[in-house]
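Down below is the structure, laid out as structure tokens.
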Amino acid sequence: MSGGWCWREVTGAVGSLYVHIPFCARKCGYCDFASWATSVTDGRMGDYVRALRWQLDELAGCGLLEDCRTGYVGGGTPSMLGATRLAGLLRAMRRAAPGMRELTCEGNPDSLTADVIAAAAAAGATRLSIGVQSLDDAELEALGRLHDARQAVGCVRAAVASGLDVSVDLMCAIPDQTNESWASTLAAACDLGVGHISVYPLQLEPGTPLGDRYKDDDPPWNDEGVQADRMEQASGVLCDAGLSRYEVASYALPGRRCLHNMAYWTGVPYVGVGHGAASMLDRGAYHKLRRVATQLPALPGWVQRVRLRMESPWEGIALAPPMNELDFSGELLCEEQALAEDLMLGMRLSRGVGERLVGAATLMFGDEFVRTVDGLERRGLVALTDGGMRPTQTGWLLGNEVFGALWSLAPSSVASL
Ligand code: SF4
């Protein structure tokens, strides 16, 4: 479709801001995220947060955040920063992006204390996302989590009582879990009065203690069939409790969807700060970022979208270098790849993708797109809607097949920055 009708405006700004806090009190047995175990007394956490605040000011100064509507502090364990440091960071995000409607902060039950919750609310957070994972003590211990079920329940109840929107994360297909224990965790989570629940199957990643322990075993509690059954079981319990499944892993009461995650799944540009933080920028937003990150190269004319990752180690970031001294890696996507990516992301949502995106794909990929969608429909993986398409239940369970078919519409090799 080069030179033709574009399905997405080049905005020159981002809709969402992500801030990464890479600290945890202890590494969980399954975790391969960008996080490091340290103590709450580690003074470098304060230096790191000060540096992030400086970078937020730089991003605001170059105009990148002027249309920013959602913010998210993720990790790692942001609640481990403690009340004062976390509040300072949240206020800095509010100052940098005054138009924000939603500001989520992640926390874990062992550090999301009443003081931290109150400080987050006073500093402008609207939403807390709590890493509960299970409400069964044996399962929590097997995962290497620091909290027990009683502590998790107390934390979530305090968060709900604060008046903030609250989401909890739960994990299935984990060691020691049975259908009964999973049903009991789901029912107990529904009783906590939260508006949002996310559910994920455990992924056994090489290089993690759990991944390495079971690498040759193919443990029966984690096979694909169990994962699919437990996700189905979750869907039944949570929908019966009045939540609706709006994304493959996300359930919400009416009006309580996570706007930040919706932005990711609908291809809204976003910028991330902190070690390992990802950004997804259109040409206009990238050029704005280059005003402060002057080390970033100019883009060739064919590039439609840039994916960046902040590679500087957290210790380096804590030394407070300006944006133009940070290391980034990146991928450059052409128009076809950006459109294929938007199709894939949209098919994570229960509503799928609409007429505008399907129309753009028909124009860009022609018969190949029509054949691909026909094939997916014949296999029962997608259903056609009014001009658009959405994933079926089977399509959600076999998501990688749907995503693979849509991605294969675009040239496969992605250029590096
Ligand atoms: S709390 Fe989260 S980020 Fe930290 S080690 Fe556990 S799973 Fe990883």
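Miscellaneous remarks
- Which numbered condition Ala189 misses (of (1) buried (at least 18 other Cβ atoms within 10 Å of the Cβ); (2) closer than 15 Å to Ser79 by Cα; (3) away from the ligand (no atom under 16 Å from the Cβ)): (2)
- Residue check, Leu333 buried (at least 21 other Cβ atoms within 10 Å of the Cβ) and either within 17 Å of Met280 (Cβ to Cβ) or small (Gly, Ala, Ser) (or both): yes
- Checking Pro98 against (1) of a type outside the set (Val, Ile, Thr); (2) surrounded by 22 or more Cβ atoms within 10 Å (Cβ to Cβ); (3) more than 16 Å from the ligand (Cβ to nearest atom), the condition it does not meet: (2)
- Elements of type strands (runs of 3 or more DSSP E) contained in the stretch 242-346, each with 3 or more residues being over 16 Å from the mean Cα position of the chain (by Cα) and of a type outside the set (A, V, I, L, M): 328-334
- Applying the condition of being buried (at least 18 other Cβ atoms within 10 Å of the Cβ) and among the small types (Gly, Ala, Ser) to the stretch 125-140 and asking which residue is nearest to the chain's Cα centre (by Cα) yields Ser129.
- Qualifying residues in the stretch 141-166 (those that are more than 23 Å from Ala37 (Cα to Cα) and in contact with a Lys or Arg (Cβ under 7 Å, 6 or more places away or on another chain)) - the one surrounded by the most Cβ atoms within 10 Å (Cβ to Cβ): Asp165
- The listed residue being modelled with pLDDT under 95 and either of a type outside the set (Asp, Glu) or not assigned by TED's automatic domain parsing to the domain that holds Tyr251 (or both), out of Ser413, Ser329: Ser413
- Residue match in the stretch 402-410 (condition: under 25 Å from Arg245 (Cβ atoms) and not in a helix (DSSP H, G or I)): no
- Every pair of residues 6+ apart whose Cβ atoms lie under 9 Å, when the first sits in the stretch 12-30 and is modelled with pLDDT of 95 or more and more than 8 Å from the ligand (Cβ to nearest atom) while the second is in a loop (DSSP other than H, G, I, E, B) and basic (Lys, Arg): Gly15/Arg69; Ser16/Arg69; Gly29/Arg145
Every residue, every condition in (1) touching a residue at least 24 places away in the same chain (Cβ under 8 Å); (2) within 21 Å of the chain's Cα centre (by Cα), yes or no:
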residue	(1), (2)
Ile197	yes, yes
Tyr200	yes, yes
Pro209	yes, no
Asn222	yes, no
Gly236	no, no
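- In the condition set (1) within 18 Å of the chain's Cα centre (by Cα); (2) buried (at least 21 other Cβ atoms within 10 Å of the Cβ), Leu64 is compliant with all but (1).
The values are calculated or read from the model by the stated rules, or taken from the named source; none is laboratory data. From a predicted model like this one, the values you see are computed outputs, not experimental measurements. FYI the Cβ positions are ideal-geometry reconstructions off the backbone, even for glycines, and counts take in every protein chain you see.
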